[in-house]
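Peer 1: I have a structure I would like to understand better, so I am pasting it below and will then ask my questions one at a time.
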Amino acid sequence: QVTLKESGPVLVKPTETLTLTCTVSGFSLNNARTGVSWIRQPPGKALEWLAHISSNDEESYSTSLKSRLTISKDTSKSQVVLTMTSMDPVDTATYYCARNYIIVAGDYYMDVWGIGTTVTVSS
Amino acid sequence: QSVLTQPPSVSEAPGQRVTISCTGSSSNIGAGYDVHWYQQLPGTAPKLLIYGNNNRPSGVPDRFSGSKSGTSASLAITGLQVEDEADYYCQSYDSSLSASVFGGGTKLTVL
């Protein structure tokens, strides 16, 4: 059974750096047909794709947030980590990680999602 | 503004048919990239509903179907049930952004 679980702080202060961890099970982060994405959803708003990492460590980022994001993975721990710098109250959201099934390079769908973790940015 | 445009809301009576559109451009749907659809029930994580334009994952009822033409795609739901009330999102890849993109979401109300 494929599962993903997000973990990280519930509350961060403005200007701080957020670090979120996605722990996966039931599949390998080395599988060539899969990757992992991070997606967020502010309260009452739409989904926003943030970043993706592939099995061979290729990274891609949202154009608007690229300067603030870093995605990495530790295959031995079955974990994918997302860091976001300079947090602001507008970054308050539920953050999801999801497994990507890769059709061709860049073209993939998110076939299994974690339950999400809610992050509030406030002083 | 989302790169993929969806109507904010649609509503229909139980048992009826509804379609949700997803309009893109020549750098995403029109470039031949697949469209995928997700269902988000209230208070839950999104769930894959349709992948590769018109394929249903195991367990998704055949009341749900997808199609794609030109720079647009559509999700159709037949035999509407109250439990279909949810937010629906389309997703594709955009070559000019080199990024995955979501639509703004459509809230389905089953009256």
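Peer 1: In region A:86-109, which residue that is within 30 Å of A:LYS13 (Cα to Cα) and within 12 Å of chain B (Cβ to nearest Cβ) is surrounded by the fewest Cβ atoms within 10 Å (Cβ to Cβ)?
Peer 2: The first filter runs over region A:86-109 and keeps only residues within 30 Å of A:LYS13 (Cα to Cα), leaving A:86-99.
Narrowing further to those that are within 12 Å of chain B (Cβ to nearest Cβ): A:94-99.
Details: A:THR94: 17, A:TYR95: 22, A:TYR96: 24, A:CYS97: 31, A:ALA98: 27, A:ARG99: 26.
Filtering first and then ranking leaves A:THR94.
Peer 1: Something else about it: Scan region A:56-66 for residues that are buried (at least 18 other Cβ atoms within 10 Å of the Cβ) and part of a loop (DSSP other than H, G, I, E, B) and jot them down.
Peer 2: A:SER62
Peer 1: Scan region A:1-15 for residues that are touching a residue at least 60 places away in the same chain (Cβ under 8 Å) and either out of contact with any strand residue (DSSP E or B) (no Cβ under 9 Å at 6 or more places or on another chain) or surrounded by fewer than 16 Cβ atoms within 10 Å (Cβ to Cβ) (or both) and report the count.
Peer 2: Going through region A:1-15 one residue at a time, the tally reaches 10.
Peer 1: If you scan region A:26-55, which residues turn out to be of a type in the set (Gly, Ala, Ser) and part of a loop (DSSP other than H, G, I, E, B)?
Peer 2: A:GLY26, A:SER28, A:ALA32, A:GLY44, A:ALA46, A:SER55
Peer 1: Right, something else. If you go through region A:23-40, how many residues are of a type outside the set (Val, Ile, Thr), surrounded by 14 or more Cβ atoms within 10 Å (Cβ to Cβ) and in contact with a Phe, Trp or Tyr (Cβ under 7 Å, 6 or more places away or on another chain)?
Peer 2: The number of residues fulfilling the criteria is 4.
Peer 1: Which of the residues that make up region A:67-123 are polar (S, T, N, Q) and part of a helix (DSSP H, G or I)? Full working, then the answer.
Peer 2: Residues of region A:67-123 polar (S, T, N, Q): A:67, A:70, A:72, A:75-76, A:78-79, A:83, A:85-86, A:92, A:94, A:100, A:117-118, A:120, A:122-123.
Passing the criteria: A:SER67, A:THR75, A:SER76.
Peer 1: Filter region A:7-43 down to the residues that are within 10 Å of chain B (Cβ to nearest Cβ) and of a type outside the set (A, V, I, L, M, F, W, C), then identify the one that is farthest from A:LYS73 (Cα to Cα).
Peer 2: Per the criteria, the residue is A:GLN41.
Every number here is computed from the coordinates shown, using simple stated rules; none is lab data. This is a predicted model, so every value here is computed, not measured. So basically every Cβ, Gly included, is an ideal-geometry build from the backbone, and we count neighbours across all protein chains shown.
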